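What follows is a set of notes on a single structure, which appears directly below.
The values are calculated or read from the model by the stated rules, or taken from the named source; none is laboratory data. All values derive from a computational prediction rather than experimental measurement. Here the Cβ positions follow ideal geometry from the backbone for every residue, glycine too, while neighbour counts run over all protein chains shown.
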Amino acid sequence: MTYIESAIKIIPCHKIFIAHYEHILSSPKSYIEPLSAFLELDKKAQNNLKKKLNKDGTIQGRKLYKLTQYKECKDIVDEEECYDMIQQNLDNFFGKRSFMWPTFAGNGFNHLNG
C-alpha cells in the first residue's frame with residue numbers, strides 16, 4: 001500500500017484509473033466504456049473485452065466458494081464456526097502486522113475494530 005500511495009503521488013492524474021473491486025464485480029459491464037477509453041482500446045479490443053462477460057453483464061466463470069471447502073475448515077462442519085475461526089485468524093494476522101499498515105489508519109481502515 002505504501003508503494004501504491006507513493007506511486008499515485010508522482011503519476012499524472014490522466015494516467016490513473018481507480019475502480020473499486022466490489023463495484024466492478026457488481027456491475028462489470030458499466031466499466032467497459034470508461035476502461036476502454038482510459039486504455040485507448042480500439043473497437044476490436046473493446047469487443048474482445050465485452051466477450052469476457054456473460055450476456056447479463058456478469059463476469060464469466062466466477063466460482064462461488066464456501067468456507068468449508070478450505071483445508072483450514074475441513075474438520076469443521078458448521079460454516080459459522082469456520083467463518084469465526086477464519087475471522088480470528090485474520091484479526092491475529094493484521095494485529096501482529098499492524099505496524100506495517102500506516103496508510104490504512106490514515107485512510108479510516110480499521111479491520112480489528114470494524
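General observations
- Annotation note: of Phe104, Phe109, Phe93, Phe99, the sole residue that is within 21 Å of the chain's Cα centre (by Cα), modelled with pLDDT under 70 and exposed (fewer than 13 other Cβ atoms within 10 Å of the Cβ) is Phe109.
Table: residues versus (1) touching a helix residue (DSSP H, G or I) at 6+ places or on another chain (Cβ under 7 Å); (2) aromatic (Phe, Trp, Tyr); (3) within 21 Å of Ile59 (Cβ to Cβ).
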residue: Thr2; (1), (2), (3): yes, no, no
residue: Ser6; (1), (2), (3): no, no, no
residue: Ile11; (1), (2), (3): no, no, no
residue: Ile18; (1), (2), (3): no, no, yes
residue: Ser30; (1), (2), (3): no, no, yes
residue: Pro34; (1), (2), (3): no, no, yes
residue: Asp42; (1), (2), (3): no, no, no
residue: Asn48; (1), (2), (3): no, no, yes
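- Some residue of region 12-21 being closer than 30 Å to Arg97 by Cβ, modelled with pLDDT under 85 and part of a helix (DSSP H, G or I): yes
- Residue that is surrounded by the fewest Cβ atoms within 10 Å (Cβ to Cβ), among those in region 17-50 that are of a type in the set (Val, Ile, Thr) and within 17 Å of the chain's Cα centre (by Cα): Ile18
- In region 1-16, the residues that are of a type in the set (A, V, I, L, M, F, W, C) and exposed (fewer than 11 other Cβ atoms within 10 Å of the Cβ): Ile4, Ala7, Ile10, Ile11, Cys13, Ile16
- For Leu39: the one exception among (1) modelled with pLDDT of 85 or more; (2) at positive phi: (2)
- Cβ-Cβ contacts under 7 Å between residues 6 or more apart (or on different chains), taken from a first residue in region 4-32 that is among the small types (Gly, Ala, Ser) to a second residue that is modelled with pLDDT of 85 or more, are listed as Ala19/Tyr31.
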